[in-house]
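**Q** Here's a structure for you.
The values are calculated or read from the model by the stated rules, or taken from the named source; none is laboratory data. Since the model is a prediction, treat every value here as computed from it, not as a measurement. Positions of Cβ are backbone-derived with ideal geometry, glycine not excepted, and every protein chain shown enters the neighbour counts.
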Amino acid sequence: MVVYSFSQINLYEQCPKKYQYRYLDGLEREFETSPDLILWTSVHGALERLYQQVNIYKIPIKADVLGKFHELWNNSIADAGEKLIYKWDQHEEDYLRRGEHYLEEYYTKYSPFDWVKVVATELSLNFTLDKDEHSENKQFRWIIDRLDKDDEWNFIINDYKTNKNLPPEDKDEYREQLTLYAHGIQQKYGKYLKSIKAKLHYLHFWLLDEWEISQDSINAIVKKYTEDINQIENSRFEYNMWNTKAFPTKQNPYCKYCEYQNVCPLRQHLNYEDEIVDWWELGEKTIKNLVDQYVKLGKKSTECDKEKEIIKWILIEYAEKKGFEQLFWNENKLWVSKTENYSAKDKDQFIDFLKQHNLLDETIDTPYYKVNTLVKNNKLTEEEIKTYLEKKDSRRLTPSKK
Ligand code: SF4
């Protein structure tokens, strides 16, 4: 049975191929640590310790919380050793200063912590996404930073963020995440709770995003994730039936940081040795040279097409003005003709008209590439069109910037 997590589904949404590499092919990346990750775990660990103490009515002083932060930071730094790389002109002191600031400000704002009843810190939550006959396929697991309850039995999910970049307000990822946890909380504590609230603590910005999670939003998120998992399950099935396209590549802004670039067909060639091909019309060429040449020729031909079009209209104007039907120079001549093309005023009516005259077959020219788009957008299924159309391989090269 597959147990899903929020990050797994997000990874699939970001790129199905990456999901395949990580979760099906077992191409586990070597776990890379970073100063940002260490800051995140150290701040989380210090807050976890703080609330564990609060829960046994032993409020620690601020210095103890900072002490825990330093202890966790130093342990992680020692474990990471030389693998740890500071980027963008930042150093250890910068991260330490940030962590200290976050915790000091947090402590000052919320002490003496007497309003809160902590249900759990770092709560490991296992839940099912739906309760239908397939629910064994939709198990979820995640860890919640902290779960509180107030005097009126409202449960509050707390999540701490240490990012320096504030996500735009329309970025729903975090909200979706907490809404999904609320579904898990309902399954675990449903009989106690009156309502579920969420608190996103953006520690760097000293910002608290707080809201009540409605049943409607939970239902919508459960539906969305159920559909996502169904899609993943179908792809898994296809993949097990040797369909290598079951998890397609998906170009996205994170490709350039992706750890699978050396195996991914979309990026693999980037670090590939150049190879020579010998084609009698062109002679010896390297593949990389041919790529550049192809793009240059494509540009040239677009420029030529434009120029050709301008020349065409100049010559037609000229010939019409003078009343010439042919234009001559050296060995070349041009026949100047005028034709008119039709375009339909109302497509449906026109198709009916052709049907009445039994002329539809002679006139219709279906743009089959559009059928692909219809299948992609789920307006038609492959199954539905199989009776009418057969699939043939088609190849094209689309130039773009590297
Ligand atoms: S390089 Fe891009 S397309 Fe390839 S697996 Fe990684 S994220 Fe997906």
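**Q** Could you go through the stretch 214-229 and let me know if any residue there is more than 28 Å from Thr179 (Cα to Cα) and either in contact with a Leu (Cβ under 6 Å, 6 or more places away or on another chain) or surrounded by 12 or more Cβ atoms within 10 Å (Cβ to Cβ) (or both).
**A** Kept after step one, since they are more than 28 Å from Thr179 (Cα to Cα), are these residues of the stretch 214-229: none.
The answer is no, given that none of the residues of the stretch 214-229 is more than 28 Å from Thr179 (Cα to Cα) and either in contact with a Leu (Cβ under 6 Å, 6 or more places away or on another chain) or surrounded by 12 or more Cβ atoms within 10 Å (Cβ to Cβ) (or both).
**Q** Oh, and also: Just give me the residues in the stretch 240-293 being within 13 Å of the ligand (Cβ to nearest atom) and over 22 Å from Tyr21 (Cβ atoms), in sequence order.
**A** Of everything in the stretch 240-293, nothing turns out to be within 13 Å of the ligand (Cβ to nearest atom) and over 22 Å from Tyr21 (Cβ atoms).
**Q** Got a number for residues in the stretch 25-46 being modelled with pLDDT of 90 or more and either within 15 Å of the ligand (Cβ to nearest atom) or among the small types (Gly, Ala, Ser) (or both)?
**A** Going through the stretch 25-46, the residues modelled with pLDDT of 90 or more turn out to be 38-46.
Okay, now just the ones that are also either within 15 Å of the ligand (Cβ to nearest atom) or among the small types (Gly, Ala, Ser) (or both), so 42, 45-46.
Count: 3.
**Q** Identify the residue in the stretch 42-83 that is over 17 Å from Asn158 (Cα atoms) and charged (D, E, K, R) and, among all such residues, is surrounded by the fewest Cβ atoms within 10 Å (Cβ to Cβ).
**A** Here the answer is Glu82.
**Q** Quickly run through the stretch 51-67 and pick out the residues that are in contact with a helix residue (DSSP H, G or I) (Cβ under 7 Å, 6 or more places away or on another chain) and under 22 Å from Asp148 (Cα atoms). Before you say what the answer is, go through the steps one by one.
**A** Taking the stretch 51-67 first, the residues in contact with a helix residue (DSSP H, G or I) (Cβ under 7 Å, 6 or more places away or on another chain) are 59-60, 62, 65-66.
Ile59, Pro60, Lys62, Val65 - these are the residues of the stretch 51-67 that are in contact with a helix residue (DSSP H, G or I) (Cβ under 7 Å, 6 or more places away or on another chain) and under 22 Å from Asp148 (Cα atoms).
**Q** Give just the number: which of (1) surrounded by 12 or more Cβ atoms within 10 Å (Cβ to Cβ); (2) among the acidic types (Asp, Glu); (3) more than 30 Å from Lys376 (Cα to Cα) does Glu273 not satisfy?
**A** The one condition Glu273 does not meet is (1).
**Q** Quickly run through the stretch 90-110 and pick out the residues that are under 18 Å from Ile156 (Cβ atoms) and surrounded by 13 or more Cβ atoms within 10 Å (Cβ to Cβ).
**A** Residues of the stretch 90-110 under 18 Å from Ile156 (Cβ atoms): 106, 109-110.
Once the filter is applied, which keeps residues that are under 18 Å from Ile156 (Cβ atoms) and surrounded by 13 or more Cβ atoms within 10 Å (Cβ to Cβ), the stretch 90-110 yields Tyr106, Tyr110.
**Q** A further question follows. Checking the structure you have, find out if any residue of the stretch 139-154 is exposed (fewer than 11 other Cβ atoms within 10 Å of the Cβ) and either modelled with pLDDT under 85 or touching a Gly at 6+ places or on another chain (Cβ under 6 Å) (or both).
**A** Yes, there is a match, as at least one residue in the stretch 139-154 is exposed (fewer than 11 other Cβ atoms within 10 Å of the Cβ) and either modelled with pLDDT under 85 or touching a Gly at 6+ places or on another chain (Cβ under 6 Å) (or both).
**Q** Mind counting the residues in the stretch 40-83 that are closer than 25 Å to Val119 by Cα and either of a type in the set (Phe, Trp, Tyr) or not in a loop (DSSP other than H, G, I, E, B) (or both)?
**A** In the first step, residues of the stretch 40-83 are kept if they are closer than 25 Å to Val119 by Cα; the result is 40-69, 72.
Imposing the further condition that a residue be either of a type in the set (Phe, Trp, Tyr) or not in a loop (DSSP other than H, G, I, E, B) (or both) reduces the set to 40-54, 57, 62-69, 72.
Matching residues across the stretch 40-83 total 25.
**Q** Suppose the filter is in contact with a strand residue (DSSP E or B) (Cβ under 7 Å, 6 or more places away or on another chain) and more than 26 Å from Asp393 (Cα to Cα); does Leu360 pass it? Write out each step before concluding.
**A** Details: in contact with a strand residue (DSSP E or B) (Cβ under 7 Å, 6 or more places away or on another chain): no; more than 26 Å from Asp393 (Cα to Cα): yes.
The answer is no for Leu360.
**Q** Out of all the residues in the stretch 3-19, is one or more in a loop (DSSP other than H, G, I, E, B) and under 19 Å from Gly99 (Cβ atoms)?
**A** Restricting attention to the stretch 3-19, the residues satisfying the condition of being in a loop (DSSP other than H, G, I, E, B) are 5, 15.
Applying the additional criterion that residues be under 19 Å from Gly99 (Cβ atoms) yields none.
The answer is no; no qualifying residue exists.
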